[in-house]
Structures are given as structure tokens and as C-alpha cells.
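Student: Sharing a structure with you now.
We did not get these values from a lab; they are worked out from the coordinates using the rules stated. Bear in mind that the values here come from a model prediction, so they are computed numbers and not experimental data. No Cβ is skipped: glycine too gets one built from the backbone with ideal geometry, and neighbour counts run over all protein chains shown.
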Number of protein chains: 2
Amino acid sequence: MKNYRISEAEWEVMKVLWEQSPRTANEVVEALKGQKWSAATIRTLIGRLARKGAVGFRKSGREYLYGPSISREEAARRERGSFLRRVYDGAVQPMVAGLLEDENLSAEDLESLRRLLDEKRRGRK
Amino acid sequence: MKNYRISEAEWEVMKVLWEQSPRTANEVVEALKGQKWSAATIRTLIGRLARKGAVGFRKSGREYLYGPSISREEAARRERGSFLRRVYDGAVQPMVAGLLEDENLSAEDLESLRRLLDEKRRGRK
DNA sequence: CCTGATCATTTACGTCTGTAAAACATCATA
DNA sequence: TATGATGTTTTACAGACGTAAATGATCAGG
């Protein structure tokens, strides 16, 4: 598995494919219609992702059908690891602490996280 | 305040300056001695950060003393926001949930997070 | 003063990324 | 068959980034 980085613009393309795939380039263009890129730009982004190996494709009639080669969870996991290493030298606690300090979490979110934390702590005993 | 991105290599330089500043370029080079860059590379990174405005400097004798123009907390906050937007469309809960799932947290970390969560939840009532 | 050392700045070069048009290949229809 | 439409691939160009040497400016010591 070759190491590659998914750029910010490429993330938007990946999201569309994670949401629904396989898709033709036209369908991806349509899905990203509200954003700032031309169809040509989006096609380039797809092509670059394909060359990197982040996106796979197969011929269907005269078109290609594109799909992600990596799950959204896995991609998120990698990016998270990279982010943690870069910004916090890998330390989780200060990151979450900073997050809780600054971000707006709903009561449901907090409850849900509390439950997850409890499970994790129980698993530690 | 102009928008700029601090690259991965530049983060390492910033960390050194956050740890102790002001510092001369030579001191930064010395602090990063164990890593993979030549002194020339590190000087370029410093110069780029300065041009971006992430690092400030003042003359001292024949050398410059460099220091960060932005706090570590603020830089972390920006990067965190960018990361959340890109990978999770800004949603915190799934990010923390994924984190708890994958990362190795110590019992102390979990306890500390639990406390933070509780404070946050109390503040919500 | 001259020369070497030292520090900052400029230059170099390849790759990646953002943005998108141009060129090419193929299909469908008149 | 010719032409226009359509989808893919190639090309374009500027700036950022990684990596670092080359050059210029200034200082210090013989």
C-alpha cells in the first residue's frame, strides 16, 4: 500500500464517493455542483486520486465508474494520526481537552462520549 | 491577519520556538539536530515561516532572534478546526468516538477526560 | 587590511496542489 | 461518412512544500 496524502480538495471528492459509489465522473461533478470548482477541475481531482490509488475505477460503457479504495473510517484514522503527531506529538488528552474547551457539543454528544469513555475505562479494569 | 498554512516540517520548527524563544537560527538548528534536515533546510523553513508571518524576528548583533507570532494553543486550535472540517465536516462526536476506539489512552488520560466531560456537562445544565 | 568564518538571503529543482483549459478518443446521430 | 457531443487524458501555470546548495553580506582575528 503506497503512502499518499489526500489533499483538502481531494477530500471533498472522496466524501462524495464514500456517500455513494460507484459513480461516474459526471455524477461526482453533479454532486459537487454547489462548490467552487469547474467540472474540469473535479475531473482532474478524480484522476489524481486514481493515480494515487485512493480511488479505483472500472469501465462501464463509454464511462468509468469510480469508487474509493479506502474506507472513510480508515482515511479518517490516518488523517487523525497524522494530525495528532504533527500538532500534539501524538498526545490524545491535550487534544481532546482543547476540543472540549473550544467546540460546541450538544448534550447528546456529551452523553454519548461519556458512555464511550465509561466503556473504555471499564475495559481497562 | 493573513491566512497561511504551517506545513508539517514547519510545525517542527514552530515547536522548537514555542518551547523556547527568542532563539537564533543556530539555536533552532541545534535543537533540531536529531532530525533529518540539514542546517540549510532548517534556515529555509525559518525564512518561510517568517515570510508567512508565523514567526517574527529582530536583529541582535549580527544574528536574528526568532520567535513565534502565534501561540501554540492558537495554532493548534486552527489546525484542529481545519482537520475537523476536512475529515468530519466539523462534527466533534464522531471524531472523539473514533479516537477513543483507536488510540491508546492511559487510565489517567481517561480519568482526566471524564472529569473534563463532566464539567462540560454540568456547565450545560 | 585581508581573509576566512559565519549568518542571512537567494537560487535551485523536483513534486504536490489548486484550478482549469486543451487535446484526444469514442460514441451517436443526421 | 461527417459532425457534434461526450468522456478521458494531457497540458498548463502558479504557488506551496521538501530539501539543500550557492551567493552575498558582515564580522572577527591574524
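Student: So which residue, out of A:Arg85, A:Arg58, A:Arg114, gets the largest mean-square fluctuation from a GNM of chain A using Cα contacts under 10 Å as springs?
Tutor: Taking springs between Cα atoms under 10 Å, the residue moving most is A:Arg114.
Student: Let me ask something else about it. With charges set only on the Cβ (+1 for Lys and Arg, -1 for Asp and Glu), what does the dipole of chain A come to about its Cα centre, in debye to the nearest 20?
Tutor: Using only the charged Cβ atoms, the result is roughly 780 debye.
Student: Now a separate question. With the radius of gyration and the Kirkwood radius both derived from the Cα set of the protein assembly as shown, what is their ratio Rg to Rh?
Tutor: 1.03
Student: A follow-up question, please. Using the beta-carbon distance between A:Arg43 and B:Glu111 and R0 = 41 Å, what value does 1/(1 + (r/R0)^6) give for FRET efficiency, to the nearest 0.05?
Tutor: 0.20
Student: Sequence gap of 8 or more, or different chains, plus Cα separation below 25 Å: how many lysine pairs satisfy both in chain A?
Tutor: 10
Student: Could I ask something else about it? Give the nm distances, rounded to one decimal, from B:Gln20 to the matching residue in every other copy, measuring between label points 7 Å along Cα toward the beta carbon; shortest first.
Tutor: In ascending order, 5.8 nm.
Student: Which percent of the Cα-Cα distances in the range A:1-91 go past 17 Å? Don't skip to the end; give the middle numbers.
Tutor: Working: 1995 of 4095 pairs.
Beyond 17 Å sits 49 percent of the P(r) for the range A:1-91.
Student: Using the Kirkwood radius over C-alpha pairs as Rh, can you work out the diffusion coefficient of the range B:11-51 via Stokes-Einstein at 4 °C, viscosity 1.567 mPa s, in µm² per second?
Tutor: 129 µm²/s
Student: Here is a further query. If you draw the axis that swings chain B onto chain A, which residue of B has its Cβ closest to it, and how far is that in whole Å?
Tutor: Per the Cβ-to-axis criterion, the result reads B:Phe83, 2.
Student: Given Cα pairs under 8 Å that are at least 6 residues apart, what percent is the relative contact order of chain B? Intermediate results must be reported in sequence, preceding the final value.
Tutor: Details: 84 pairs, mean separation 25.7, N = 125.
Reported relative contact order: 21 percent.
Student: Counting only other residues whose beta carbon sits under 12 Å from that of A:Leu49, what net charge do I get with K and R as +1, D and E as -1?
Tutor: Values: positive: A:Arg5, A:Lys15, A:Arg43, A:Arg48, A:Arg51, A:Lys52; negative: A:Glu10, A:Glu12.
Its environment carries a net charge of +4.
Student: Taking B:Ser71 in one copy and the same position in all the others, each labelled 7 Å out along Cα→Cβ, what are the pairwise distances from the first, in nm, shortest first?
Tutor: Nearest first, the other copies' label points are 3.9 nm away.
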